[in-house]
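The values are calculated or read from the model by the stated rules, or taken from the named source; none is laboratory data. Owing to the predicted nature of the structure, the values given are computational and were not obtained by experimental measurement. Here the Cβ positions follow ideal geometry from the backbone for every residue, glycine too, while neighbour counts run over all protein chains shown.
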There are 2 protein chains.
Amino acid sequence: MFKKEVYIKRRAELKKSLGSGIVLLLGNGEAPVNYFDNTYSFRQDSSFIYYVGLNSPDLAYMLDIDNDKEYLFGNELTIDDIIWMGNLPSLKERAEKAGIVTVLPLSDMITLTDKKRKIHYLKPYRYRNQIILSELLGKNIPSIKENFSVELTKAVIKMRLIKSDEELIELKKAGEIGYAMHITAMKMCQPGVKEQEIAGMIEGLAISQGNRVSFATILSMNGQTLHNHDHSGILETGRLMLCDAGAESNSCYASDFTRTTAVGGTYSEKQKNIHNIVLQALNESISSAKPGVTYKSIHRNAYKIIFEGLRSLGIMKGDTEDALNVGAPALFMPHGLGHAMGLDVHDMEDLGETYVGYDDEIQRDTMFGYRSLRFGKRLEPGHVLTVEPGIYFVPQLMEKWEKEKINADFINFNEARKYLNFGGIRLEDDILITKEGCRLVYEKRLPVTVEEIEKAVKD
Amino acid sequence: MFKKEVYIKRRAELKKSLGSGIVLLLGNGEAPVNYFDNTYSFRQDSSFIYYVGLNSPDLAYMLDIDNDKEYLFGNELTIDDIIWMGNLPSLKERAEKAGIVTVLPLSDMITLTDKKRKIHYLKPYRYRNQIILSELLGKNIPSIKENFSVELTKAVIKMRLIKSDEELIELKKAGEIGYAMHITAMKMCQPGVKEQEIAGMIEGLAISQGNRVSFATILSMNGQTLHNHDHSGILETGRLMLCDAGAESNSCYASDFTRTTAVGGTYSEKQKNIHNIVLQALNESISSAKPGVTYKSIHRNAYKIIFEGLRSLGIMKGDTEDALNVGAPALFMPHGLGHAMGLDVHDMEDLGETYVGYDDEIQRDTMFGYRSLRFGKRLEPGHVLTVEPGIYFVPQLMEKWEKEKINADFINFNEARKYLNFGGIRLEDDILITKEGCRLVYEKRLPVTVEEIEKAVKD
């Protein structure tokens with residue numbers, strides 16, 4: 001964790017921003033796998049980490065703004081615990097590292113929760129925390145999920161969205177691990193190798209050097225299947241392997257990269273052509289990202305590059321602005337250009353994607369493709385974002401559009417059909433918005449041109 | 001999954017065994033990490049796998065014994081799902097592979113749950129399933145946890161405890177992965193290497209070749225800390241690395257091995273002596289395991305070997321039977337000799353350890369050490385068990401016993417104190433009880449003698 005002044009300052013700012021009421025930040029508990037005591041690797045709640053820093057289960061933090069008091073709730077180790085778990089620092093000592101003086105047993109949380117006042121809590125995504133809040137506040141679970149504090153949500157998002165220098169060091173570490181994962185995946189990208197084998201090895205690297213993967217690895221020849229966590233394929237010459245993977249640093253900050261590699265390290269002409277369009281979209285997005293520009297406009301510009309690139313290959317047709325206005329390129333890139341990243345890979349998605357990515361000025365679109373953009377806001381120094389354009393040939397989506405004549409003026413379905421077994425290509429980097437423009441969060445860029453990737457596979 | 005006849009037969013047997021009422025087996029859902037859609041790797045509920053076989057989230061199975069009907073509840077993929085997730089077989093098709101004809105949407109589970117009849121469900125260990133049962137049956141969560149069906153619990157345990165041939169193939173696969181994990185750990189066991197690095201690499205192997213680790217890896221120089229999931233140490237010459245780790249096969253069957261390796265591959269005399277006592281306890285336990293013998297008696301015999309071994313080193317003293325009667329060896333091995341293993345590494349621990357490991361004939365002990373034995377029953381062909389004796393020098397426990405004069409007649413604390421920085425040694429194999437005796441589940445035994453382990457590290 002960072003030095004205690006960081007957490008004290010953050011809580012003071014939160015207090016000022018809310019002004020009154022009680023803030024309750026519930027830490028996470030262990031998550032059972034197949035019986036209560038067999039648990040997944042522990043992951044603390046990100047907002048709890050941000051304000052309290054302590055990375056262990058079964059803690060809660062309460063800030064009583066009206067009475068200017070704060071409490072950490074948690075149970076001290078018993079003598080039995082010490083016998084089984086070794087000499088660990090007491091909770092009291094650990095709380096001091098977060099600048100918190102008052103430590104009370106978890107059971108005291110009930111008595112100190114003054115239900116007559118406004119209790120600000122964040123929307124609980126863990127079933128355990130839904131149950132705890134339901135019992136604590138005497139409301140049923142649907143009502144608990146609805147009645148989270150919008151005020152607290154907005155205050156937290158405002159703070160967490162701007163990354164500090166100490167956070168950037170952690171994000172860079174996560175990037176370094178992610179870099180190693182992708183280089184490993186490229187080197188293993190040979191015909192006959194199981195997708196599962198590579199996915200496992202790079203997940204192992206994430207655990208070896210950091211906390212865990214920052215999200216379930218996507219590693220598949222079927223890159224066109226966007227929600228794909230299947231790893232049952234065996235790599236074949238002539239196909240592409242799309243790998244979207246990242247790690248968490250030991251302090252739980254995320255990285256998130258995508259590279260698409262030709263199996264065996266030799267690209268076909270078709271693959272090169274598509275790759276180069278995606279690469280152009282990536283590079284131009286990065287070079288146009290700077291304070292004052294909206295990410296929504298950069299997403300639109302990426303669609304422009306994809307449209308014009310595919311038009312040059314004969315797959316799309318017509319006028320650029322007309323095509324963009326109806327969202328025609330979304331057939332080939334149905335997702336958003338990127339999202340905020342920080343303690344969560346989709347930063348603060350638990351707090352509500354639209355609160356994170358949009359505001360009064362920049363509203364979320366409703367059109368297919370555009371609406372999938374998670375982050376559209378005007379960029380500010382300290383924002384950390386992914387940039388991840390892609391081109392996919394999704395048979396079911398192509399069939400649907402052709403049958404329903406959706407945007408038919410802009411698509412040469414006869415040409416597009418020649419790519420039915422192509423899969424998809426996505427390229428993704430992580431950037432930090434600076435005062436002048438932006439830079440990569442982890443400065444060393446993964447191989448990204450066809451030549452660089454071919455070299456990485458064959459080296 | 002196995003062929004459908006396996007599941008049909010199991011369900012028929014369960015139906016016969018219960019005779020009446022409604023059986024409800026809730027499958028697991030996804031488990032959120034840091035926001036709802038960022039999930040841990042999916043793990044199906046083991047009893048659901050056993051009776052239904054389907055390994056995907058958000059399913060439930062209902063067996064209406066009185067009306068001789070059975071249902072699978074789950075939602076079919078929508079057209080949108082297919083666009084994002086590819087062409088997957090329908091739930092109806094998948095249900096057929098489990099021999100189930102009637103597939104209904106999840107929402108129908110409510111209408112078909114006839115609360116006037118006995119509804120047999122298993123104790124829910126997942127918070128999500130606690131919430132679902134609470135809503136379904138209109139009871140609060142503490143009451144849901146209490147009122148699980150003991151009848152169903154016993155019927156399931158009776159069946160799952162005896163492993164069939166197809167299950168043994170899966171258990172063997174899990175053993176093969178576990179073997180590779182431990183060989184890798186031994187080879188990496190060099191001074192200067194981080195525990196985290198090794199733990200990550202072997203977890204990666206588990207994911208590369210199987211479903212996941214079967215439990216959170218223990219890999220530490222502080223083997224005496226029994227509940228130890230800290231991997232922050234850097235291996236030092238002269239110390240031991242205790243590694244307790246296993247994998248799940250892709251069908252979710254578990255393995256569980258422990259080896260303790262001298263860092264750098266050279267044992268000191270002290271380490272050799274302790275190792276050889278533990279090895280003798282392991283070997284004698286395995287050779288005495290056979291149908292008709294209680295595991296409780298084998299645990300006691302392991303204590304005997306440990307007592308006599310430590311007495312020969314001057315650490316313990318006095319008469320063997322007297323020492324065993326008061327549980328004196330428990331100071332150095334405060335845990336049980338082993339546990340049942342199958343779809344869960346502690347098989348069916350969710351259903352209640354005592355239901356699994358004890359019965360009317362063989363009751364659980366109350367004495368320290370003995371009481372920690374998870375499985376005491378009379379052995380039967382088809383039982384799969386771990387055998388995991390160990391010797392540890394736990395400073396806090398030694399201090400407590402010396403101060404409180406616990407079993408002081410049997411312990412030379414002055415001698416024992418010379419081992420305060422020793423750590424601990426545990427050796428663990430997995431066995432199948434056969435008609436004649438027992439055999440290793442995965443026939444190839446991990447290096448286990450001092451010489452074999454030294455060779456494995458240095459090779």
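Rundown of residues vs (1) in contact with an Asp or Glu (Cβ under 7 Å, 6 or more places away or on another chain); (2) closer than 16 Å to residue A:329 by Cβ; (3) at pLDDT 95 or above; (4) not charged (D, E, K, R), yes/no style:
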position: A:277; (1), (2), (3), (4): no, yes, yes, yes
position: A:285; (1), (2), (3), (4): no, yes, yes, yes
position: A:288; (1), (2), (3), (4): no, no, yes, yes
position: A:296; (1), (2), (3), (4): no, yes, yes, no
position: A:308; (1), (2), (3), (4): no, yes, yes, no
position: A:311; (1), (2), (3), (4): no, yes, yes, no
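Which residues, taken from region B:397-417, are touching a residue at least 24 places away in the same chain (Cβ under 8 Å) and not in a loop (DSSP other than H, G, I, E, B)? Scanning region B:397-417 gives B:397, B:398, B:401, B:409, B:410, B:411, B:415, B:416. Counting only strands (runs of 3 or more DSSP E) wholly contained in region A:1-109, no element carries 1 or more residues that are within 14 Å of chain B (Cβ to nearest Cβ) and of a type in the set (Asp, Glu).
When you check residue A:380 against the structure, is it within 11 Å of chain B (Cβ to nearest Cβ) and more than 29 Å from residue A:237 (Cα to Cα), yes or no?
On the way: within 11 Å of chain B (Cβ to nearest Cβ): no; more than 29 Å from residue A:237 (Cα to Cα): yes.
Against the criterion (within 11 Å of chain B (Cβ to nearest Cβ) and more than 29 Å from residue A:237 (Cα to Cα)), residue A:380 does not qualify.
Filtering region A:112-162 to residues that are among the small types (Gly, Ala, Ser), surrounded by 19 or more Cβ atoms within 10 Å (Cβ to Cβ) and part of a helix (DSSP H, G or I) leaves A:134, A:155.
Listed by position, the strands (runs of 3 or more DSSP E) inside region A:192-291 whose residues that are within 14 Å of another protein chain (Cβ to nearest Cβ) number at least 1 are A:218-220, A:240-245. With respect to residue B:362, is the statement that it is buried (at least 23 other Cβ atoms within 10 Å of the Cβ) and of a type outside the set (S, T, N, Q) true? Taking the combined requirement at face value, the residue does not satisfy it. Return a yes/no flag: does region B:258-278 have any residue that is of a type in the set (Val, Ile, Thr), within 29 Å of residue B:169 (Cα to Cα), in contact (Cβ under 8 Å) with a residue 24 or more places away in the chain and surrounded by fewer than 20 Cβ atoms within 10 Å (Cβ to Cβ). Among the residues of region B:258-278, not one is of a type in the set (Val, Ile, Thr), within 29 Å of residue B:169 (Cα to Cα), in contact (Cβ under 8 Å) with a residue 24 or more places away in the chain and surrounded by fewer than 20 Cβ atoms within 10 Å (Cβ to Cβ), which makes the answer no. Tell me which residues, restricted to region A:78-111, are among the small types (Gly, Ala, Ser) and surrounded by fewer than 16 Cβ atoms within 10 Å (Cβ to Cβ). Matches in region A:78-111: A:90, A:107. Taken over region B:221-249, the criterion of being in contact with a helix residue (DSSP H, G or I) (Cβ under 8 Å, 6 or more places away or on another chain) and in contact (Cβ under 8 Å) with a residue 60 or more places away in the chain is satisfied by B:221, B:224, B:225, B:226, B:239, B:240, B:243, B:245, B:246, B:247, B:248, B:249. Could you go through region B:29-38 and let me know if any residue there is among the acidic types (Asp, Glu), free of Cβ contacts under 8 Å to residues at least 12 places away in the same chain and farther than 25 Å from residue B:112 by Cβ. Yes, region B:29-38 contains a residue that is among the acidic types (Asp, Glu), free of Cβ contacts under 8 Å to residues at least 12 places away in the same chain and farther than 25 Å from residue B:112 by Cβ.
Scan region B:327-359 for residues that are crowded, with 20+ Cβ neighbours inside 10 Å, under 16 Å from the mean Cα position of the chain (by Cα) and not in a loop (DSSP other than H, G, I, E, B) and the total you get is 7.
For region A:119-134, give me each residue that is more than 8 Å from chain B (Cβ to nearest Cβ) and either among the acidic types (Asp, Glu) or touching a strand residue (DSSP E or B) at 6+ places or on another chain (Cβ under 9 Å) (or both).
A:119, A:120, A:121, A:122, A:124, A:129, A:132, A:133
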